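Worksheet: one structure, shown below.
The values are calculated or read from the model by the stated rules, or taken from the named source; none is laboratory data. These numbers come from a predicted model, not from an experiment. Ideal geometry is used to build each Cβ from the backbone, glycine not excepted, and the neighbour counts take in all protein chains shown.
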Amino acid sequence: MLFKKLLKDEQGSVIVIIAVAFTVLMGFTALAVDTGLLYLEHTRLSRAADAAALAGAQELPDTSKAQTVALEYARLNGIDPDTMTLSFSPDRKEISVVVNKTVDLYFARALGFASQAVAARAKARISPVKEVKGLIPLGINESLLPLSAGTEYMIKGGSQDGAPWRGIIEYPGQGKGGDNYRDLARNGYGGTVAIGDIQGKVPGNKSGPAEQGIEDRIKACQDGCTWNNYRPGCPRVALVPIYRDMGEQVRVTGFAAVFLERVGNENGKGNDNRIYATFINYSVSGETDDSIINSYLTSVRLSE
């Protein structure tokens, strides 16, 4: 009788132990599964926030366009724009993205936890680049600063403008023949140009070769691109130096991107041709320096 009683008591204890162990096991299961779920969701939100911030920053300092692009990238990454908050720094060079989402839990419901809030943050900033490859042999005089997106500028003058120099820049080692200038206008300079560099001026007009290269780029666009709506890699987007005229030479003081508009003249003579382009906000990959002023070509980086 005593043995049976002990056995019965022991079975009762085992049941209690099993019940406790099962509860603990459920807790660990809830912790493992639901924590994994929260981690995966946080990773997805973080990547979406990074993508939205980087995409939006490329449109800065135009905060309105940056907001539109950031929201569009959020949608493409499965993020409800209503769950995302955007803000901009006072200098309009940084965009902050915060995404909040409530995640439904599964096993943790047994412990009284039905959901958990998850948040992700990202910041992206634009900074001026120090040096550039691919410049065309035309630029913008710093006397025209500040530049305004959507404003058209003459980047090469004609003989009717009176100046002996028409605006063709001579980069080191580029060659002096007409084919060289045509190729430079069409494909850009293969060397690196840095802010502060001194570049030469090409004597004479050199209108024909430079204009032919620019016209080739304009004709190569078959997508109907415009300065405010162009496809990535559009040949009508060109990188140019901003320069200070020093007489026989020019000093590079900044960089900009332009949308090549047209080659035209009012007199019908070839040496009167001018080249016009519209300034656009644009970003490239490159080393940056926040101390640079009066330069408009930027690189985007995550700052948080």
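Please find, among Phe88, Phe28, Phe22, the residue that is at pLDDT 95 or above and either outside the structural domain of Asn229 (by TED's automatic domain parsing) or over 20 Å from Arg125 (Cβ atoms) (or both).
The match here is Phe88.
Mind listing whichever residues of the range 230-249 are in contact (Cβ under 8 Å) with a residue 60 or more places away in the chain and out of contact with any Asp or Glu (no Cβ under 9 Å at 6 or more places or on another chain)?
Ala238, Leu239, Val240, listed by residue number.
Just checking, how many residues over the range 251-264 are at pLDDT below 95 and in contact with a strand residue (DSSP E or B) (Cβ under 6 Å, 6 or more places away or on another chain)?
Adding up the residues that qualify gives 2.
Quickly run through the range 32-57 and pick out the residues that are over 14 Å from Ala122 (Cβ atoms) and in contact (Cβ under 8 Å) with a residue 40 or more places away in the chain.
If the condition is that a residue be over 14 Å from Ala122 (Cβ atoms) and in contact (Cβ under 8 Å) with a residue 40 or more places away in the chain, then Val33, Asp34, Leu37, Leu38, Glu41 are the ones that fit.
Which residues, counting only those in the range 200-216, are at pLDDT 90 or above and buried (at least 20 other Cβ atoms within 10 Å of the Cβ)?
Gly213, Ile214 - these are the residues of the range 200-216 that are at pLDDT 90 or above and buried (at least 20 other Cβ atoms within 10 Å of the Cβ).
Tell me whether the range 53-73 contains one or more residues that are in a helix (DSSP H, G or I), closer than 19 Å to Val103 by Cβ and aliphatic (A, V, I, L, M).
No, the conditions are met nowhere in the range 53-73.
What's the number of the condition Gly167 fails, among (1) at pLDDT 90 or above; (2) in the same structural domain as Ser295 (by TED's automatic domain parsing)?
Unmet condition: (1).
Just for the range 265-284: of the residues that are at pLDDT 90 or above and among the small types (Gly, Ala, Ser), which one is nearest to Glu215 (Cα to Cα)?
Ala277
Which one is modelled with the highest pLDDT, of the residues in the range 173-199 that are of a type in the set (D, E, K, R) and part of a loop (DSSP other than H, G, I, E, B)?
Asp197
Pick from the range 217-250 the residues that are of a type in the set (D, E, K, R) and assigned to a strand (DSSP E or B): which of them is modelled with the lowest pLDDT?
Looking at the filtered set, the residue picked out is Asp245.
Looking at the structure I just gave you, is Phe107 crowded, with 16+ Cβ neighbours inside 10 Å, at pLDDT 95 or above and not assigned by TED's automatic domain parsing to the domain that holds Pro241?
Considered against the rule, which asks whether it is crowded, with 16+ Cβ neighbours inside 10 Å, at pLDDT 95 or above and not assigned by TED's automatic domain parsing to the domain that holds Pro241, Phe107 comes out as no.
Would you call Thr85 over 23 Å from Asp290 (Cα atoms) and β-branched (Val, Ile, Thr)?
Answer is yes for this residue.
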